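The structure appears right after this line, and notes come after that.
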Amino acid sequence: MILWHNPRCSKSRQALALLQEKGVEPEIRKYLEDAPGYDELKAAQTALGLPALDMMRTKEAAFREMGLSKDADDETLLRAMAREPKLIERPVLFVGDRAVIGRPPEKVLELL
């Protein structure tokens, strides 16, 4: 079990706390410091079963600054997240070949 985590994000902290309350200690990956590459993001997209846009923080200034649009194709968006990991929606919990974005934080409990 791996949690892509940003300790500065309240939703990410809440998701981690919910897991810990259930006695689960996931491996923590601070994805802003240890950013996933394109191939890893593509695998995450498969595990999530979502379009790349749904994996993104589209309100981040970097989304606009990089000239991205909600109409962009998945490859463009995945490459943008690989270049700028703060665009990745958080937290993301991975268990085996499945994953879920913890929005709301309680969603992480679906994989327990």
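The values are calculated or read from the model by the stated rules, or taken from the named source; none is laboratory data. Because the structure is a prediction, the values reported are computed rather than measured. Heads up, the Cβs are rebuilt from the backbone with ideal geometry, glycines too, and the neighbour counts pull from every protein chain shown.
Data table
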| item | result |
| --- | --- |
| Test: residue in region 12-33 that is in contact with a helix residue (DSSP H, G or I) (Cβ under 6 Å, 6 or more places away or on another chain) and farther than 18 Å from Leu109 by Cα | yes |
| Long-range neighbours under 7 Å by Cβ, at least six apart or interchain, first residue closer than 15 Å to Thr58 by Cβ within region 84-104, second acidic (Asp, Glu) | Lys86/Glu60; Leu87/Glu60; Ile101/Glu89; Arg103/Glu89 |
| Count - residues of region 51-77 that are touching a residue at least 12 places away in the same chain (Cβ under 8 Å), in a loop (DSSP other than H, G, I, E, B), within 19 Å of Lys11 (Cβ to Cβ) and not acidic (Asp, Glu) | 2 |
| Filter pass, Ser12 being over 17 Å from Met1 (Cα atoms) and not hydrophobic (A, V, I, L, M, F, W, C) | no |
| Among the residues listed as Leu109, Leu32, the single one being hydrophobic (A, V, I, L, M, F, W, C), in a loop (DSSP other than H, G, I, E, B), at pLDDT 95 or above and buried (at least 16 other Cβ atoms within 10 Å of the Cβ) | Leu32 |
